[in-house]
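Below is one structure, written out as structure tokens, with a few remarks after it.
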Amino acid sequence: MSTDQWQPPVSLGRRDRKSRRTREAMADAALRLTLEHGLAALAVEHVTDAADVSRRTFSRYFPSREDAVLDSLRTDFTRINEQLAARPAAETPVAAYRAAVTAWLRDADHPAWHRRPGMRALFVLIDEEPALTAAYRRIAVAEEEQSIRLVAARLGLHPETDLRPAVAVGLGVAALHAATRTWVRDPAGDLPALIDRAFDLVAVEPPR
């Protein structure tokens with residue numbers, strides 16, 4: 001079994017909690033300002049002023065303003081991976097990934113995209129702004145790689161040389177992204193229902 005298997009998070013100490021609050025304050029400010037004024041109008045100084053931190057502090061947490069804007073999405077993918085790591089070993093990889101996404105959708109303490117204001121608008125911006133598109137892809141790929149390592153560990157396979165973990169995760173990720181894409185473009189769309197439908201379609205060829 002892979003030695004890279006995910007370990008459950010430990011309780012955060014006081015310093016870690018403060019660090020997380022600082023990061024969240026900057027990410028929240030970056031997202032809010034971007035949704036209000038657009039990415040072109042966003043400067044790092046706007047974020048640091050809104051969060052009452054220094055430019056040096058910002059640079060310790062984020063390599064760019066785009067990473068700050070999208071940090072909540074990175075956190076969402078991390079939470080999905082935490083749920084994936086906790087799934088029973090008897091579940092198949094795709095079923096485990098689906099259950100992890102479902103648990104993330106239902107988490108009352110950390111609302112998913114359909115329960116957070118501005119998320120549709122953020123995904124529209126990701127499609128329209130090349131810098132956000134590139135940052136989002138980098139974040140999503142990094143979290144997908146972690147999913148692959150988790151699935152490889154579940155199966156006792158090598159994450160770099162065996163196709164099966166990557167294919168299983170790819171199917172789950174494709175279902176999540178396809179459902180999200182439809183939800184963003186359809187104001188009447190229901191994200192949990194769309195995700196359920198997308199995973200149902202994973203096992204069958206889409207109808208003509």
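Applying a threshold of 7 Å to beta carbon distances and a minimum spacing of six or more residues, or different chains, the list of pairs starting in the range 31-57 at a residue that is under 18 Å from Pro117 (Cβ atoms) and at pLDDT 95 or above and ending at one that is β-branched (Val, Ile, Thr) and in a helix (DSSP H, G or I) reads Leu31/Val69; Leu33/Val47; Thr34/Val69. Do we find that Ser64 is over 19 Å from Tyr136 (Cα atoms) and either in contact with a Leu (Cβ under 8 Å, 6 or more places away or on another chain) or not aliphatic (A, V, I, L, M) (or both) in this structure? Against the criterion (over 19 Å from Tyr136 (Cα atoms) and either in contact with a Leu (Cβ under 8 Å, 6 or more places away or on another chain) or not aliphatic (A, V, I, L, M) (or both)), Ser64 does not qualify. Criterion applied to Ala68, Ala40 was being surrounded by fewer than 21 Cβ atoms within 10 Å (Cβ to Cβ), in a helix (DSSP H, G or I) and of a type in the set (Gly, Ala, Ser), and the one residue passing it is Ala40. Selection of the range 44-54 for residues being in a helix (DSSP H, G or I) and either among the small types (Gly, Ala, Ser) or surrounded by fewer than 18 Cβ atoms within 10 Å (Cβ to Cβ) (or both) yields Val44, Glu45, His46, Asp49, Ala50, Ala51. Taken residue by residue, the range 140-153 has no member that is of a type outside the set (Ser, Thr, Tyr), farther than 22 Å from Ala85 by Cα and surrounded by fewer than 14 Cβ atoms within 10 Å (Cβ to Cβ).
The residue that is nearest to Pro159 (Cα to Cα), counting only those in the range 93-144 that are under 12 Å from the mean Cα position of the chain (by Cα) and acidic (Asp, Glu), is Glu144.
The set of residues in the range 104-122 being in a helix (DSSP H, G or I) and out of contact with any Asp or Glu (no Cβ under 9 Å at 6 or more places or on another chain) consists of Leu105, Arg106, Arg115, Met119, Arg120, Ala121, Leu122.
Residues to consider are Thr57, Thr161; find the one that is surrounded by fewer than 21 Cβ atoms within 10 Å (Cβ to Cβ) and assigned to a helix (DSSP H, G or I). I'd like the intermediate steps shown before the answer.
Numbers: Thr161 fails: assigned to a helix (DSSP H, G or I).
After ruling out the rest, the residue left standing is Thr57.
Condition first: over 11 Å from Val202 (Cα atoms) and without any contact (Cβ under 8 Å) to a residue 40 or more places away in the chain. Now tell me which residues in the range 165-180 satisfy that. Residues satisfying the conditions are Ala166, Val167, His177, Ala179.
The values are calculated or read from the model by the stated rules, or taken from the named source; none is laboratory data. Worth saying up front: this structure is predicted, and the values here are computed from it rather than measured. All Cβ positions, even for glycine, are placed from backbone atoms using ideal geometry, and neighbour counts span all protein chains on display.
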